[in-house]
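The structure under discussion appears below in the form of structure tokens.
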């Protein structure tokens, strides 16, 4: 079968962009206030909220990176993709407080609960993290696919020949930036709804054709069983990458931070019509989140098995399969014309939905938490203008970081993401959980916990990079810290952050209860409790139980699938 894209594939992709253009034009005409631009006027239904939660999460780094991790380490990363249960925490524990507070951003919520210093810390850390992890990784993963599917495409500009990698990276970033700048969150949410469908369909076809070529599910299990230690869901604590105890400690920490406190995700629930739609959107998103293990991680294992059987050639890197090339190679080699365009459209959907969400979230953080704090009397029109400029700045910074990505993602894109997030998540998770459930936690404790946790996490990340580069070989104790497993390190950082928050809070004056009315479970008003109870019915409970049952079923099957 020929690789690359044919005429039918390009027609499919062109159709996708025409639909996208229509949504952007419609959305751009409705941007009048900052609430319109950053939260779609708070008038979005639960279906669009849930689809956007899913599509924003599943970026090109997920599709490419998860397939790569499936080929390299089997089900080791599945625990992060079974976080649908954490989304039920978002729906039932966090959303009621966020939505009622009428905030635009998570740092703004922290200011209400604690003080402006906590808001500043979270805003700055989030912006830096978005540029150096999510934006650059998402673009890099999408560009890898262009490089595989269109190897001969090039353009000469400024006296230099630019290949398919840079053409793909720059064009998708610029196009996504334009529609995010013009359309705001409304464009992001409604394009995400269509993109979620394309994403699921495209990945299903990769799994289907891959299994057909391999000889079915039983053949996959048979091949993986011969390498059970590499592909098992649970690994012994001696495993250098995925020890089971480290997974149990770190995975929930990262999950709660990402799904329940990260602006990038939570912003979608704040745009809902009311509390009922906000919660149902999170539940619907949780249902969609159940499936990535089967349609993103399993294809990686299928690609590895096809390579082992000589049915597919995946490029090597340092004598091993190049994990980040598994998905692009499967698209180019397995799919017929037309379907190849659909899957590439799915990848574009993933890339652009994640990027657009990131761009809008970054713009929200900068405009609301930094610019508006410095200029409190600024007009609504000016805020929208600043938000668009902030989006453009993030686009530029993400592009500048891309050349560094090949140097730091040698163990796979998804592994790189989890490494960084393992060191960012603990202090944020600690402060939000303690802040909601313990009214004795005060502003000084929260600020101390955030500051100490972030400094400790970045120190560990720096030492890890230095140890990997061989710069600490003559300093054994520093090398040991840098080389320490990232999962256990995440647990230690969580314990340190909790300890600092609690101790400093207990040693300082408690916050007056009148300042935190309605911002913790202990200080919720009777009216809030009645409103919360009126916002759900038995169908919400049944849907939640279905999601939790599906997660439990996945864990039960894959815990024993190779035995």
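The values are calculated or read from the model by the stated rules, or taken from the named source; none is laboratory data. Predicted model, so just to flag it, every value in this text is computed and none were measured. Please note: Cβ atoms are built from the backbone with ideal geometry, for glycine as well, and neighbour counts cover all protein chains shown.
Of all residues in the range 442-456, exactly one satisfies the criterion of being over 17 Å from residue 116 (Cβ atoms) and buried (at least 24 other Cβ atoms within 10 Å of the Cβ), namely 453. Could you go through the range 257-272 and let me know if any residue there is farther than 30 Å from residue 18 by Cα, modelled with pLDDT of 90 or more and surrounded by fewer than 21 Cβ atoms within 10 Å (Cβ to Cβ). Looking through the range 257-272, none of the residues is farther than 30 Å from residue 18 by Cα, modelled with pLDDT of 90 or more and surrounded by fewer than 21 Cβ atoms within 10 Å (Cβ to Cβ). If the condition is being in contact (Cβ under 8 Å) with a residue 60 or more places away in the chain and surrounded by 13 or more Cβ atoms within 10 Å (Cβ to Cβ), then the range 492-509 contributes 493, 494, 496, 497, 498, 501, 502, 504, 505, 508.
Taking each residue of the range 291-314 that is closer than 26 Å to residue 53 by Cα and looking for partners that are at pLDDT below 90 and assigned to a loop (DSSP other than H, G, I, E, B) with beta-carbon atoms closer than 7 Å, six or more apart or interchain, yields 292/58. Consider the range 220-244 and keep the residues that are loosely packed, with under 14 Cβ neighbours inside 10 Å and in contact (Cβ under 8 Å) with a residue 12 or more places away in the chain. The one that is nearest to residue 302 (Cα to Cα) is 225. Filtering the range 531-549 for residues that are closer than 27 Å to residue 442 by Cα, out of contact with any strand residue (DSSP E or B) (no Cβ under 7 Å at 6 or more places or on another chain) and assigned to a helix (DSSP H, G or I) leaves a non-empty set. Looking at the structure I just gave you, is residue 446 more than 27 Å from residue 242 (Cα to Cα) and in a helix (DSSP H, G or I)? Yes: the conditions hold for residue 446.
Could you tell me whether any residue of the range 550-560 is in contact (Cβ under 8 Å) with a residue 60 or more places away in the chain, closer than 27 Å to residue 114 by Cβ and in a helix (DSSP H, G or I)? Give the steps one after another, and end with the answer.
First pass over the range 550-560, keeping only residues in contact (Cβ under 8 Å) with a residue 60 or more places away in the chain: 550-551, 554-555, 558-559.
If we keep only those that are closer than 27 Å to residue 114 by Cβ as well, we get none.
No, the conditions are met nowhere in the range 550-560.
So is residue 298 in a helix (DSSP H, G or I), surrounded by 24 or more Cβ atoms within 10 Å (Cβ to Cβ), under 20 Å from the mean Cα position of the chain (by Cα) and modelled with pLDDT of 90 or more or not? Can you show your working first?
Details: in a helix (DSSP H, G or I): yes; surrounded by 24 or more Cβ atoms within 10 Å (Cβ to Cβ): yes; under 20 Å from the mean Cα position of the chain (by Cα): yes; modelled with pLDDT of 90 or more: yes.
Taking the combined requirement at face value, the residue satisfies it.
The criterion of at least 1 residues that are modelled with pLDDT under 80 and surrounded by fewer than 24 Cβ atoms within 10 Å (Cβ to Cβ) is met by the following helices (runs of 4 or more DSSP H) wholly inside the range 103-219: 116-129, 136-149, 164-214.
Yes or no: residue 354 out of contact with any strand residue (DSSP E or B) (no Cβ under 9 Å at 6 or more places or on another chain) and closer than 19 Å to residue 399 by Cα?
On the way: out of contact with any strand residue (DSSP E or B) (no Cβ under 9 Å at 6 or more places or on another chain): yes; closer than 19 Å to residue 399 by Cα: yes.
So residue 354 passes the test.
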